[in-house]
Amino acid sequence: MVSKKNKKLITFQDTILNLQKYWSKNGCLVLQPYDIEVGAGTFHPATTLRSLGKEKWKAAYVQPSRRPSDGRYGENPNRLQHYYQFQVIIKPSPENIKKLFLDSLSSIGIDQNIHDIRFIEDDWESPTLGAAGLGWEVWCDGMEIAQFTYFQQMAGIQCNPVSVELTYGLERICMFVQDKASVYDLIWNLDGVLYKDIFKENEKQFSKYNFEFADIQNLFDTFNGLEKEAKNLLINRLPLPAYDQSLKASHVFNILDSRGAISIAQRAGYIARIRDLVKEVGEKWLEEKN
Amino acid sequence: MSEFFLELFTEEMPPALQKSAKEDLLQIFKDFLNQKNIAYHKINFSISTPNRLIIYFKSIQKEFSKKSEEIRGPRTNLDKASVEGFLKSKNITKKNIYIKNTKKGEFYFYKTPSINIKTKEVLKENIPLLLQKIKWKKSMRWAYHNLFWGRPLKSMMCLFDGSHLKYNFFHLKSSNKTFINKNDESKTVTFKNFASYKNYFSKFGIIVDDNERKLIIKKNIDKISKLKNFSSNINLKLLDEVANIVEKPKVILCTFDKKFLQIPNEIVKLTIEYHQKYFPVTDNRGNLLNYFFSVADKEDKFGFIKKGNEKVVTARLSDAEYFWKKNKSQSMLKRVSKLEKVNYFNGLGNYLDKTKRIKNLSSIISDELLISKEKVELASTICKVDLMSDLVKEFPEMQGVLGGYFAESQGFEKEVCLAISEHYLPSGLNSRIPKNDFSIALSLSDKIDTLVGFFGLNLVPSSSKDPYALRRLTIGLIKLIIENKKIFKLKELIDHSCQLYKNVSTKFDSKLVQKNLSIFIIERFKNYMKEKGIRQDIIESSSIDCDLNKIFIIFTKANKLNKVIEKQIGMDLIENYKRASNILNLEINLKEGDYIGSADPALFKNNFEKDLYKKIHDIRKDFTNINLENDYEGQLSLLASAKKEVVSFFDNVIVNDNDEIIKKNRLELLKMLCNTFDKYFNLKKVEFLNEKTSI
């Protein structure tokens, strides 16, 4: 009998590889991260834009995600301004998606026979993307490890057929599986490289940037410039590059927000400006594709 | 009679949707059976697990007869074709019809035979329609399907009288089997009845009845609590929710590091209860302990679940502790000026502006309450500072409470801290009401400022929409005043609040704000009285010319009157008033202004008039007695005591004298009587239920 101590260690990179292998086996394209700063895997055009329209679509990818206001200068064991999500998007949602998802957990070391896996109501909404969905947060022994969402609307457009989106919080899952209390102690590979060896300094520097040094005036100007460019691109029927500008604007907005430069009253206005761009991107994307 | 049993299997349905769907659907079925005159046994219910919604009728009439019906055909004077059309449409021959004369003329009639109908057939046909009648608060589509349901509907097991009842619903077909494992839709098992179904699942520890699950959880928590000397109080709303997110509940006692009890306990509780859906534990004196109960959905064979649950709570509490330590030492006084950067509402300035207005108002209120102005102003100045803390950003529902904690740790006086902590209260239906005068002052001024501001921008609630929760705020304001038995010059405070907004750029129409806001407050006040069980006619009467400054007095008077209205004293006093006012209404009509309520004793012709006149004077004199000033029951008895004089007057005096001068004088005397009642309040709209017209 194999004792628990000898249980094979699943490193951070193995977790990614296992998920890629699992979803590849289940018919997904394995894509690479989008090369623009985004707040979540959902913003990758492989999810936002591909969830629109009638065509079937199955993709899986890692997406580095940035949430400037979640930075804690590397001092908090659970919060990061930069982290990784593993994202699966399938259109239409398969009938056996729940089973597929649960089996994927086994591939990364979470055995549903001994752990308490629960689906807790979480109706998701992204005002910036003009998106909404119904679904759950998935809890493992009380910890949220993933989100499971049936998209109902994206870029202001009703989804038909409906896609299902699975988002795994990779750090959370590894902390759970490797039994670590701090994200910085996660084991990245079998040579013993740790998460902190790679990212601790980043967290310190970017927290300083996000909270203290980001140039507010410059960012406001940048936001306006990006918006102008996106509009111009939309006029010229180039929704994909226009979408890039919207993503950049969204990130600029997030930094401004973490700098405390945006009042509650202004917030809604900025979010609406991004949403308006994304909506038009969605419409133009569907038109251009057909 | 036949058993009917329906199981709708979905992916995990949220507790609130489960609850409303199952209640809804059972009612829909009952209404349907009632409407069709199909009898059913009184044992019927709907139960659920996160994945299964079950509708159960112990027995339903197997067959029912449809009574014979008389159907009117065409007029007899119409051509043959229309008669043939009628025959054809009913699939009958000429033998089956007969002629009958009606008010509208002569017609052919057809009497349908009474027939026996199989309930099964009716259900088959109607279940798809019934299922679509569920009102979902939120519903969704999935894959290519057009069906909207709370969460993806995967199977429908439908049994009637032990066998499969077949029907189609969108892309789904009903069956006589269901999935065994909620997470694996490949294995199914066939069932014939509810008992075997229930038994089958209980063998696996799955309890399909949510009520049973609730009892099990409660029992297990109680057992451990008793052993450990914990308080047995648990949050019943949470119990409801938790019972609906598990199918095989296992209670686990977990702990966390005692050091986290240093964090404001409300935060610890919120983390455990609201975020994690675990049960916090207190000792028998209500002190929070470093334990909690979690309810897992399976046996924790290796202790992993307990460990995981504890880890999550620890992680969350560490986060809160980090912020608590950081925020509690940030000087509140120094941070006040930073409120300038926090916008309150477009057109109503920033939070520093609001703070200044609140300070100004509560300073006036402190004069009315005779409490220290310095302390009230200090509390007002720093009461919004916590909005800028990380902790309030993390736990927005803890605004105010956290401000109180910060103030306490910075050494402010107890009453200042309490006032900050309580200044959003009362906030909901069952919310606690601040009792301390400092808290009352701060809460009142914050609420008045908000109401005046939003009414100033004309963002007035409509009948269906109240996005800024002004209705709730107003009810809070009313409760604050009445339940603390306070008399505030509310009208003047509102006037003053309007003036304070003059400094903000907005141009307020102060007169309009005052008018609309007092109408709004009085409407809510009437609602409040209604909730307190006061009769509608008393409410209406008491709020004639309602003076905002006196709502506590008006409420008390209405309440006292309500208590005695059906007793002798109440009936007497209403009778006294009504006999006089009825005759006045009849005689005076439009010329009311001519009557001032002053009779001339020199014109009295008999003792009945004189006695009544004297009694009125006595009552009026007694009303000025200082002992009676706040004794509303005494006032009511006093008004009732005129019964003898009133009765004698009406029994012996004819008001309608031939001499106009005498008649007018008698009406003046009655007017005088009515006006005396106004010293309590205008009784015009109060109904006298045993009214005998006695003119």
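The figures follow:
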{"item": "Helices (runs of 4 or more DSSP H) wholly inside segment B:245-337 containing at least 1 residues that are surrounded by fewer than 15 Cβ atoms within 10 Å (Cβ to Cβ)", "result": "B:304-328, B:332-335"}
{"item": "Residues (aliphatic (A, V, I, L, M) and under 14 Å from B:Ile448 (Cα atoms)) located in segment B:511-521", "result": "B:Val513, B:Leu517, B:Ile521"}
{"item": "Some residue of segment A:216-227 being farther than 19 Å from A:Pro127 by Cα, among the small types (Gly, Ala, Ser) and not in a helix (DSSP H, G or I)", "result": "no"}
{"item": "Check on A:Glu203, closer than 30 Å to B:Glu273 by Cα and of a type in the set (Asp, Glu)", "result": "no"}
{"item": "Positions within segment B:384-393 being among the charged types (D, E, K, R), out of contact with any Ser or Thr (no Cβ under 8 Å at 6 or more places or on another chain) and either surrounded by 18 or more Cβ atoms within 10 Å (Cβ to Cβ) or on the phi > 0 side of the Ramachandran plot (or both), in sequence order", "result": "B:Asp386"}
{"item": "Output for segment B:427-438, where each listed residue is buried (at least 24 other Cβ atoms within 10 Å of the Cβ) and without any contact (Cβ under 8 Å) to a residue 60 or more places away in the chain", "result": "B:Pro434"}
{"item": "Given (1) modelled with pLDDT of 95 or more; (2) within 20 Å of B:Val513 (Cα to Cα), index of the condition B:Arg472 fails", "result": "(1)"}
{"item": "Identity of the residue in segment A:58-75, among the basic types (Lys, Arg) and touching a residue at least 40 places away in the same chain (Cβ under 8 Å), that ends up farthest from the other protein chains (Cβ to nearest Cβ)", "result": "A:Arg66"}
{"item": "Near pairs, Cβ below 6 angstrom, 6+ apart or cross-chain, from segment B:202-229 (in a helix (DSSP H, G or I)) to any residue that is not aliphatic (A, V, I, L, M)", "result": "B:Asp210/B:Ser48; B:Asp210/B:Asn244; B:Arg213/B:Pro249; B:Ile216/B:Pro249; B:Ile217/B:Pro249; B:Ile221/B:Phe293; B:Asp222/B:Ser232; B:Ser225/B:Ser232"}
{"item": "Where A:Tyr61 falls short, out of the listed (1) closer than 30 Å to A:Phe211 by Cβ; (2) more than 15 Å from the chain's Cα centre (by Cα); (3) aromatic (Phe, Trp, Tyr)", "result": "(2)"}
{"item": "One residue from B:Arg432, B:Arg471 being farther than 24 Å from B:Lys373 by Cα, part of a helix (DSSP H, G or I) and within 18 Å of the chain's Cα centre (by Cα)", "result": "B:Arg471"}
{"item": "Pick from segment B:301-349, criterion of a type in the set (Ser, Thr, Tyr) and closer than 17 Å to B:His275 by Cα, ranking: modelled with the lowest pLDDT", "result": "B:Ser318"}
{"item": "Residue, surrounded by the most Cβ atoms within 10 Å (Cβ to Cβ), within segment B:172-191, restricted to residues that are in a loop (DSSP other than H, G, I, E, B) and either more than 14 Å from chain A (Cβ to nearest Cβ) or modelled with pLDDT of 95 or more (or both)", "result": "B:Phe191"}
{"item": "Residue list for segment A:135-153, restricted to those being among the hydrophobic types (A, V, I, L, M, F, W, C) and closer than 11 Å to B:Met140 by Cα", "result": "A:Phe151"}
{"item": "Which numbered condition A:Arg66 fails, given (1) within 24 Å of A:Gln152 (Cα to Cα); (2) under 12 Å from the mean Cα position of the chain (by Cα); (3) not hydrophobic (A, V, I, L, M, F, W, C)", "result": "(1)"}
{"item": "Selection count, segment B:270-300, where residues are modelled with pLDDT under 95, more than 12 Å from chain A (Cβ to nearest Cβ) and within 27 Å of the chain's Cα centre (by Cα)", "result": "3"}
{"item": "Residues within segment B:404-426 that are exposed (fewer than 15 other Cβ atoms within 10 Å of the Cβ) and not in a helix (DSSP H, G or I), tallied", "result": "1"}
{"item": "Scan of segment B:508-544 for residues that are in a loop (DSSP other than H, G, I, E, B) and touching a Phe, Trp or Tyr at 6+ places or on another chain (Cβ under 9 Å), ordered by number", "result": "B:Phe508, B:Lys532, B:Ile534, B:Ser543, B:Ile544"}
{"item": "Matching option when the condition is within 14 Å of another protein chain (Cβ to nearest Cβ), under 20 Å from the mean Cα position of the chain (by Cα), free of Cβ contacts under 8 Å to residues at least 24 places away in the same chain and at negative phi, among A:Leu102, A:Leu80", "result": "A:Leu102"}
{"item": "Condition met for B:Phe608 (part of a helix (DSSP H, G or I), of a type outside the set (A, V, I, L, M), closer than 19 Å to B:Ile583 by Cα and touching a Ser or Thr at 6+ places or on another chain (Cβ under 6 Å))", "result": "yes"}
{"item": "Filter result for A:Lys91 (farther than 26 Å from B:Gly308 by Cα, within 13 Å of chain B (Cβ to nearest Cβ), surrounded by fewer than 20 Cβ atoms within 10 Å (Cβ to Cβ) and not acidic (Asp, Glu))", "result": "no"}
{"item": "Where a residue in segment B:599-610 is under 16 Å from B:Asn658 (Cα atoms) and its partner, wherever it lies, is in a loop (DSSP other than H, G, I, E, B) and not charged (D, E, K, R), with Cβ under 9 Å and at least six apart", "result": "B:Lys605/B:Val653; B:Asn606/B:Val653"}
{"item": "Filter result for A:Ser246 (of a type in the set (S, T, N, Q), under 30 Å from A:Asp123 (Cβ atoms), more than 13 Å from chain B (Cβ to nearest Cβ) and surrounded by 20 or more Cβ atoms within 10 Å (Cβ to Cβ))", "result": "yes"}
{"item": "Residues of segment B:89-138 classified as in contact with a strand residue (DSSP E or B) (Cβ under 7 Å, 6 or more places away or on another chain), within 28 Å of B:Ile60 (Cβ to Cβ) and outside any helix (DSSP H, G or I), total", "result": "6"}
{"item": "Any hit, segment B:10-21, residues being away from chain A (no Cβ under 14 Å) and not basic (Lys, Arg)", "result": "no"}
{"item": "Looking only at segment A:147-172, and only at residues there that are part of a strand (DSSP E or B) and within 11 Å of another protein chain (Cβ to nearest Cβ), the one that is nearest to A:Gln85 (Cα to Cα)", "result": "A:Phe148"}
{"item": "Looking only at segment A:116-146, and only at residues there that are assigned to a loop (DSSP other than H, G, I, E, B), within 30 Å of B:Lys301 (Cα to Cα) and among the charged types (D, E, K, R), the one that is nearest to the other protein chains (Cβ to nearest Cβ)", "result": "A:Asp141"}
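One line per residue, one yes/no per condition, for (1) of a type in the set (Gly, Ala, Ser); (2) in contact with a Pro (Cβ under 9 Å, 6 or more places away or on another chain):
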residue	(1), (2)
A:Val252	no, no
A:Ser263	yes, no
A:Arg267	no, no
A:Glu288	no, yes
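The values are calculated or read from the model by the stated rules, or taken from the named source; none is laboratory data. Given the structure is predicted, the values throughout are model-derived calculations rather than measurements. Glycine gets a Cβ as well: all are built from the backbone with ideal geometry, and neighbour counts include every protein chain shown.
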